Amino acid sequence: MQNEVIAYRDGETLLDTQTAASQDFSDFQKVLFDNSDDALEVIRHSTAHMMAQAIKELYPDAKFFVGPVIEDGFYYDFRVDEKISDSDLKTIEKKMQEIAKRKLPIVKTCTTKKEAVVHFGDDDLKQEVFLRIPDGEVSTYKQGDFEDLCRGPHVPNTRYLRFFKLIRVAGAYLGGDEKREMLTRIYGTAFADKKSLMEYSKMIEEAKKRDHRKIGKELKLFTFDDEVGAGLPIWLPNGARLRSRLEHLLFKAHRLRGYEPVRGPEILKSDAWKVSGHYDNYGENMYFTVIDDAEYGIKPMNCLGHIKVYQDEVRSYRDLPLKFFEYGVVHRHEMSGVLHGLFRVREFTQDDAHIFCTPEQIKENVLEILDFVDTIMSAFGFEYEMEISTKPEKAIGDDAYWEAATKGLKDALDGNGIKYGIDEGGGAFYGPKIDIKITDALKRKWQCGTIQVDFNLPERFDLSYVDANNEHKRPVMLHRAILGSFERFIGILIEHTAGELPFFIAPTQAVIVPISDAHHVYAKKLHEILLDEGIDTEISAKNESLNKRIRNAEKMKVPMILVVGDEEVEKNSVALRDRRERIQYNLSIDELKTKMKEKLSEVHF
RNA sequence: GCUCAUAUGGCUCAGAGGUAGAGCACUUCCUUGGUAAGGAAGAGGUCGAGGGUUCAAUUCCCUCUAUGAGCUCCA
C-alpha cells in the first residue's frame, strides 16, 4: 500500500483521486500513502468519516455536524440520544476496524447546494452546515450505505484506514457558540502505519509524565487548596527556592540593563482605572472592593503604578529612556473552566517593566528587549517564535496611534530580519504587541513574554517630558515582560525539563548523605560552607539505610549527592555522585567549592 | 461561564446501603549501613461541604466547592 496514490496536489490545492479522475491530472504531484502532511490530512479526514459511519451503525438516530482535521488528528461533532462515554470508544473503534475490513470504495458525487439542501432536508445539523458554506456546487461522499456531505479530500477506499485511535469524548457547542446546544465530540487520530501510531501514543504518555501539576506535587514545588480557592497557587519551600533563584538572577540582569526597581500598590482607586481605560475595557476581569465609600480595584496589570512613578518628577529628554521594573503581583478573574495548574491562574507575578521613551527611541528599545529575551530563552534552551498582535475590537485611542505603534513593532522586527506571524485583533486594549511563544521539548508552544507599544496611556495620564527646546512632549510607553509570569514560566520549565531542573535554579542543588551518625557534624559543616557559596543543600540524616537515602535524593531529581563517611572526614573531602553526568568521584572541599562556583556561573543573563 | 466526569488518612488508590482498608509517607524502637527501598511496633480518616430519601447514607438524589477533559483551529 505504501506506494499507492491516495490523492494529488495541484499547487495550493489538495485533491483526492475521486476528484482528479474527472480532470487531466498528469501534471499533478502524487500524494502517496505515507505519513506526509498531505497524506495524513486525507487519511485523517477519511477516518473521521469512517468514525461517523461506525457511530451511525451503532446509534442509528445519530446526526452529524462537522468533522475536520486538526493538528494531531481529527474530531467529529454529532448528536445522539444516548450518552457516550470513554468506555464506548472501544466499541466504536471495533466497528471502525470492521468497516475498514469491508474495503468499501469511497465514492464522490457532485450536486448543487440547492439540491443537497433538499436531499438532507430532514437533518437539522446538516442544515446548520449549509448555512456556513457558500452557494454553488457541493459534494457528498458515500461508502457502503453511509453518505455524508463533505468537500473532501478522501482516500479511495476504507481499506487505507487501519491505524487509528479514538482519544477522548467531549462536549462542544454547535459552531463553537456557547448559546447553542452542546453536541458530542469524539477526538481521534490516524496514521499510515502502525509504528507512527505507536510513537504518537508514546508521545502522549511522555507528555502525561511531564505534566507540571504531577511533577509539582512529586517534587513538592507548589500546591493548590480548596479552602483557599481556585487558581491561587501556594508555593512550597522547594518551589519558593526555585522561584527565588530565578528572581535573583533576573533582578541582576535588569539592573545591568539600566532598569530601576519600583513598586506600586496592590489596590488602586477605581477612578484611576477609569482614567486608564481598564475599568471599561478590562473591568470584567478585575476584582473590586470598597474602602470608606470609595471603590478600589485590585490591579490586573502594573502599568498604573509605574506611570505614577514617572509622574513623581518633571522628566527631561535627557532622562529617557526610563526603565522601571517590578515583579508585579496581579489578579485577574479568569473563567473557572480555563484554570490549569500554573499555566492559567487567578493570581500571578509578572516580570513586568515599562519603558518611557521618545517615539524615535521605540525601535532601539524594542530591539534591546528582544536581545534580552534571546539571552534568557537561550539560557534555558528554549526555542521561540514571535507574533505581532494588532488592534482588537475593544480598544482605546485613535487609529493613527495604533498604526504608528504597530509600525514601530514591525519596523523593529523587519529591520533585523526577525520572522514573525500576525494575530489580527489579538492586541491589548491600549496597544499592539509582539508575543513571544516558546516551544518546549515536546514541540508544544506557549505564550510567555510580550512587548507592547502604547501611545494611549501616556495621553490619558497626560505624561510629558521637557525636550531640548524646553517644550513639553509626550513620551511613549513600552510594556514588556520576558518570562511573562513566574508561574507559567516555571510550569513550562518543569514540563520542558521533565522536572530535571538546571543546576543553577534547582531547589536543592545537592543532598549531603552522612553514612552514619558519626559524620553528622562534618555534614553540617559542609552544608554551611556550601550555603555560604550560594548552594542550597539538604542533609539527609534520617534513620534510613544509605541506599534508601540515595534513592530518595534521586527521586527528588537533586543534581548532586554528596556522600560523607570516615574516609571523607579524614581527608576533608566528599564523594560526589552527579545525577546528570551519571558519574561518581571524590573531591576535596576546595575542589568542590570551585566546581560549584563553575556550575553556577555557567548561566548568566 | 457552559457540558461531561471525578472527590475515601500527607500521597497513590481499593471498597460496600449497616459509620472503612492497602502501599508509600509519618512516629517510636532495633539497626550505623559506602551509592536507587534493612527490620519491628504504632499513630492517623465526622469517606470535599450543605441539604434530601431511608429504620440506617461515606455509598442513592439535589445544591455548592474543588479538580480533570472539552468548548478556537470551518462539510
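The values are calculated or read from the model by the stated rules, or taken from the named source; none is laboratory data. Worth saying up front: this structure is predicted, and the values here are computed from it rather than measured. Cβ: placed from backbone, ideal geometry, glycine included. Neighbour counts: every protein chain shown. The accessibility values were calculated without ligands, DNA or RNA, using every heavy atom of the protein model including side chains. Shrake-Rupley method; radii C 1.70, N 1.55, O 1.52, S 1.80 Å.
Dividing the mean sequence gap of close Cα pairs (under 8 Å, 6+ apart) by how many residues chain A holds gives a relative contact order of 10 percent.
Could you put A:187, A:310 in order of accessible surface area, largest first, with the 1.4 Å probe and the full protein assembly present?
A:187, A:310
The value of relative contact order for region A:254-497, using C-alpha pairs under 8 Å at least six residues apart, is 21 percent. Solvent exposure of residue A:577, expressed as accessible area, is near 80 Å², computed with a probe of 1.4 Å over the protein chains only.
Surface composition of chain A: carbon plus sulfur atoms contribute 48% of the solvent-accessible area (1.4 Å probe, protein chains only, all chains present). Extension gain, residue A:225 to residue A:518, is 101.4 nm, computed as 0.36 nm per intervening residue step minus the present C-alpha separation. In a DSSP loop and with at most 13 other Cβ atoms within 10 Å, the trypsin sites (Lys or Arg not before Pro) in region A:317-394 are A:394. Residue-normalised convex hull volume from the C-alpha trace of region A:369-509: 149 Å³ per residue. Sparsely packed loop sites in region A:116-222 (the trypsin sites (Lys or Arg not before Pro) outside DSSP H, G, I, E and B with at most 16 other Cβ atoms within 10 Å) comprise A:151, A:179, A:180, A:220. In the complete set of protein chains, residue-level accessible area for residue A:368 is approximately 70 Å², probe 1.4 angstrom.
In this structure residue A:388 has an accessible area near 0 Å², from a 1.4 Å probe over the protein heavy atoms. Label-to-label distance for residue A:313 and residue A:179 is 5.4 nm, based on points extended 7 Å past Cα in the beta-carbon direction. Descending by average beta-carbon neighbour count within 10 Å, the peptides A:15-26, A:402-413, A:582-593 line up as A:402-413, A:15-26, A:582-593, the highest first. Between residue A:595 and residue A:58, the simple label model (points 7 Å from Cα in the Cβ direction) yields a spacing of 5.7 nm.
Over chain A, accessible surface divided per residue gives 49 Å², non-protein components excluded, 1.4 Å probe.
If the segment from residue A:32 to residue A:284 were pulled out straight at 0.36 nm per residue, it would be longer than the present Cα-Cα gap by 85.6 nm. Shape class of chain A from the alpha-carbon gyration tensor: oblate, with a/c at 1.5 or above and b/c at least as large as a/b. Suppose R0 equals 35 Å. What FRET efficiency, 1/(1 + (r/R0)^6) with r the Cβ-Cβ distance, do residue A:5 and residue A:437 give to the nearest 0.05? Once rounded, the FRET efficiency stands at 0.45.
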